[in-house]
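Step one of this worksheet: look at the structure below.
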Amino acid sequence: MNKDVKDIVKLGKDSIAQLALKLIDREVAIENFAKIKVKTDGREVYVSFRNPIKYLPIESEFYFDLNVNLLEGIIVYNPVSNGLVDCKKKTIPFYKQTREAQASIEFVIKAINKNDEVGGISDISSFEDDMVIREHKSYYDVSVVSEFQESFYKIKKVSGKVYDVEHAHLVPPPIESENNSVLKEIN
């Protein structure tokens, strides 16, 4: 572990996360994210800010996830959208959970848990996959990507009925790497 990395690691996870957010030239806070991970390979320090469950109302667009390479100052974030969005908008906001969004997410999770074909989510706080819930007039369009599977389905807003279920199995990436460094999480 090089000296710069050692100095940063000594700060601890919370301070490192705050340091990473200071690099962002946008209004964003720790509260905008459900999961924060700080990792190092001894040469770099990476901070991952995530929202594994992404809810998008009709005609909306948000930034949900953010990745920062602290030493290089590299910041990566991409918008996720639902339908046609006004392209003349000055800036795309970072997602902030609302009561309405939380209620919609809970409705979708409840519908998923009642359906054997799509699997269930027993604990949202330990959910590590990537779920996108796009609201439409009469249904929610849901996609879930895990390490080895993609799933797509719709859920009727009134009844919670799950339909149009599709699954695709993903092939794991080959185990080849020029850089055999291992990332260790900093707590």
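The values are calculated or read from the model by the stated rules, or taken from the named source; none is laboratory data. Predicted model only: the values in this text are computed from it and were never measured. FYI the Cβ positions are ideal-geometry reconstructions off the backbone, even for glycines, and counts take in every protein chain you see. Heads up: the accessible areas ignore ligands, DNA and RNA and are worked out on the full protein's heavy atoms, side chains in. Shrake-Rupley method; radii C 1.70, N 1.55, O 1.52, S 1.80 Å.
Structure data summary
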{"read-out": "Residue (of Ile24, Tyr153, Leu183) at the positive-pole extreme of region 3-185, dipole from beta-carbon charges", "value": "Ile24"}
{"read-out": "Protection proxy ranking, peptides 120-129, 53-62, average beta carbon neighbours within 10 Å, highest first", "value": "53-62, 120-129"}
{"read-out": "Sum of -39500 (n - 2.57) over DSSP H runs of 4+, divided by residues of the chain (222 nm, nearest 500)", "value": "-5000 deg cm²/dmol"}
{"read-out": "Of Ser146, Ser159, Ser48, the one that fluctuates the most in a GNM where the chain has Cα springs shorter than 10 Å", "value": "Ser159"}
{"read-out": "Whole-number percent relative contact order across the chain, with pairs defined as alpha carbons under 8 Å at least 6 apart", "value": "19 percent"}
{"read-out": "GNM result for the chain, Cα springs below 10 Å: residue of Val158, Val28, Val144 fluctuating most strongly", "value": "Val158"}
{"read-out": "Largest-first ordering by accessible area, 1.4 Å probe, given options His167, His136", "value": "His167, His136"}
{"read-out": "Reachable aspartates and glutamates from Lys39, criterion Cα separation under 20 angstrom, eight or more residues apart if same chain", "value": "Asp4, Asp7, Asp14, Glu31, Asp65, Glu72, Glu128, Asp129, Asp130, Glu147, Glu178, Glu185"}
{"read-out": "Percent accessible area from carbon and sulfur atoms, the chain, protein chains only, probe 1.4 Å", "value": "51 percent"}
{"read-out": "Qualifying trypsin sites (Lys or Arg not before Pro) for region 65-119 [loop in DSSP, other Cβ within 10 Å: at most 16]", "value": "Lys88, Lys89, Lys90, Lys96, Lys114"}
